[in-house]
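Student: Provided herewith is a single structure, encoded as structure tokens, for subsequent inquiry.
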Amino acid sequence: MKLLAVMPVSTSVLLPVMASALMVSSCRRVGYDYWASTTISGINIEVGLSQAHPFLAEYKRTVLIGNDKRFKLGIDSGGLSYINVFDTPESLVFQTFYTHILVVDIAMGKATLEKRPLTQTEIDSFVGAFDFVDLDDYQFVGGDENSTFNPAVVKGG
């Protein structure tokens, strides 16, 4: 029979670890490390972020539309976690990087990932962005709340 050595753990080490685990879990939704939601034109939109790297700010991004449409946006490779949202008459447009755009045709329920700059119609239809407003607070920030944001000149993601 083998005996395993048990190392004592001081409460000064254990309590902060437990507290941080509780804080992180409070902003999680099942399957995601961070998530935020909003309603645009009567449609529920959610964005979920899943950690893609054990300690870097790299995330797998998923957009959920309504109750049943899920679109993968791929991995951001460097903390560019915000996603700009545009509501055009034909579609919802998600800008994940300057020229990386997910166009979702709501009526057809299909999406295309395109590499192109935004059109003027899309720029004029900016409604907000999913972003971290604090270290552990990922949420949707409406365009009217972020008056300094200009999607025409932003080159981030």
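The values are calculated or read from the model by the stated rules, or taken from the named source; none is laboratory data. Computed from a predicted model, the values in this text were never measured in an experiment. A quick note on method: Cβ atoms are made from the backbone with ideal geometry, for glycine too, and the neighbour counts reach across all protein chains shown.
Student: Looking at the range 101-112, which of the residues that are hydrophobic (A, V, I, L, M, F, W, C) and at pLDDT below 85 is surrounded by the most Cβ atoms within 10 Å (Cβ to Cβ)?
Tutor: It comes out as 111.
Student: Next up: Taking strands (runs of 3 or more DSSP E) that fall entirely within the range 68-115, which contain at least 2 residues that are touching a residue at least 12 places away in the same chain (Cβ under 8 Å) and over 18 Å from the mean Cα position of the chain (by Cα)? Walk me through how you get there before you give the answer.
Tutor: Values: elements: 69-75, 83-87, 92-97, 100-105, 110-115.
Those strands (runs of 3 or more DSSP E) span 110-115.
Student: Okay, moving on. Which of the following residues is modelled with pLDDT of 85 or more, surrounded by 11 or more Cβ atoms within 10 Å (Cβ to Cβ) and touching an Asp or Glu at 6+ places or on another chain (Cβ under 6 Å): 49, 92? I'd like the intermediate steps shown before the answer.
Tutor: On the way: 92 fails: touching an Asp or Glu at 6+ places or on another chain (Cβ under 6 Å).
Only one candidate passes the filter, namely 49.
Student: Now for a separate question. List, please: which pairs have Cβ atoms under 6 Å, are six or more places apart or on different chains, and start with a residue in the range 34-46 that is part of a loop (DSSP other than H, G, I, E, B) and end with one that is surrounded by fewer than 20 Cβ atoms within 10 Å (Cβ to Cβ)?
Tutor: Once the first residue is part of a loop (DSSP other than H, G, I, E, B) and sits in the range 34-46, its partners that are surrounded by fewer than 20 Cβ atoms within 10 Å (Cβ to Cβ) give 41/87.
Student: If you don't mind, there's one more thing I want to ask. Can you pull out every residue in the range 118-135 that is surrounded by 13 or more Cβ atoms within 10 Å (Cβ to Cβ) and outside any strand (DSSP E or B)?
Tutor: Of everything in the range 118-135, those that are surrounded by 13 or more Cβ atoms within 10 Å (Cβ to Cβ) and outside any strand (DSSP E or B) turn out to be 118, 119, 122, 123, 125.
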